[in-house]
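Visitor: My questions all concern the structure below.
The values are calculated or read from the model by the stated rules, or taken from the named source; none is laboratory data. Only a predicted model underlies this, so the values are computations on that prediction, with no experimental measurement involved. Cβ placement follows ideal geometry from the backbone for every residue including glycine, while neighbour counts extend to all protein chains displayed. For the accessible areas, the whole protein counts, side chains as well, though only heavy atoms, and no ligand, DNA or RNA atoms are used. Shrake-Rupley method; radii C 1.70, N 1.55, O 1.52, S 1.80 Å.
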Amino acid sequence: MAYPLQLGLQDASSPIMEELMNFHDHTLMIVFLISTLVLYIITLMLTTKLTHTSTMDAQEVETIWTILPAVILILIALPSLRILYMMDEINNPALTVKTMGHQWYWSYEYTDYEDLCFDSYMIPTSDLKPGDLRLLEVDNRVVLPMELPIRMLISSEDVLHSWAVPSLGLKTDAIPGRLNQATISSNRPGLFYGQCSEICGSNHSFMPIVLEMVPLKNFEDWSVSMI
């Protein structure tokens, strides 16, 4: 969960988000070094009165500043492609959940169970209990087992939506007529909040997502009580 005046990303709660944060730090360091070097060169050019024509026209220098950016791009591209494949690939999921975006709420269906489906609406501000988060709490949370690979199938019945939970590294578009896939795996139990991150209409900001990750035994008890 984000906190006031937070500058960085939310704490990672899944292996995918940990990889994304490492890639973010890796890329940010490269950008920082490039920005520092460019600023240093600009400062020298503005302050020094010396001009080295032999250096400015040297083919060796041109070769270096042509090859070096290519090497830097490779150092960024390879980790990025690795994470993209990790996010897209899922083998033998323990559970499959289908979510449908509506104007303006989410509906969920546990496809491995016969009659386990429900709608998830935002709780109005007037009905919030002490400690609840405004515009983020829902009447029916999505309960999932932790430390297990879970496949989330995402689509929409009307307009474009986007199913996003930042602390788990999830953001998948819900497109009418198309079924997208995301992988969920949490390292720890807890409540994880998200929202629709697509401008889907007048009530776009009132489509919260709440995932409750629990141990497998608690999930089995919950599923039996819901059925």
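Visitor: Could you say whether any residue in segment 81-92 is touching a residue at least 60 places away in the same chain (Cβ under 8 Å) and touching a His at 6+ places or on another chain (Cβ under 8 Å)?
Guide: no
Visitor: Mind counting the residues in segment 109-137 that are farther than 15 Å from Gly194 by Cα, touching a residue at least 24 places away in the same chain (Cβ under 8 Å), part of a loop (DSSP other than H, G, I, E, B) and open to solvent by less than 90 Å² (accessible area, probe 1.4 Å)?
Guide: Filtering segment 109-137 down to residues farther than 15 Å from Gly194 by Cα leaves 109-119, 124-131.
Imposing the further condition that a residue be touching a residue at least 24 places away in the same chain (Cβ under 8 Å) reduces the set to 110-111, 113-116, 118.
Next, only the ones that are part of a loop (DSSP other than H, G, I, E, B) stay: 111, 113-116.
Those still in the list that are open to solvent by less than 90 Å² (accessible area, probe 1.4 Å) too: 111, 113, 116.
Qualifying residue count, segment 109-137: 3.
Visitor: Ser162: open to solvent by less than 50 Å² (accessible area, probe 1.4 Å), within 25 Å of Pro145 (Cβ to Cβ) and not in a loop (DSSP other than H, G, I, E, B), yes or no? Before you say what the answer is, go through the steps one by one.
Guide: Values: open to solvent by less than 50 Å² (accessible area, probe 1.4 Å): yes; within 25 Å of Pro145 (Cβ to Cβ): yes; not in a loop (DSSP other than H, G, I, E, B): yes.
Against the criterion (open to solvent by less than 50 Å² (accessible area, probe 1.4 Å), within 25 Å of Pro145 (Cβ to Cβ) and not in a loop (DSSP other than H, G, I, E, B)), Ser162 qualifies.
Visitor: Going through segment 190-213 one residue at a time, which ones are under 25 Å from Asp112 (Cα atoms) and either acidic (Asp, Glu) or surrounded by fewer than 18 Cβ atoms within 10 Å (Cβ to Cβ) (or both)?
Guide: Gly190, Leu191, Glu212 - these are the residues of segment 190-213 that are under 25 Å from Asp112 (Cα atoms) and either acidic (Asp, Glu) or surrounded by fewer than 18 Cβ atoms within 10 Å (Cβ to Cβ) (or both).
Visitor: Still on this structure: Determine the pairs where a residue that is aromatic (Phe, Trp, Tyr), located within segment 178-201, has a partner that is open to solvent by 60 Å² or more (accessible area, probe 1.4 Å) with Cβ atoms under 7 Å apart, the partner being 6 or more residues away or on another chain.
Guide: Matching pairs, first to second residue: Tyr193/Met1.
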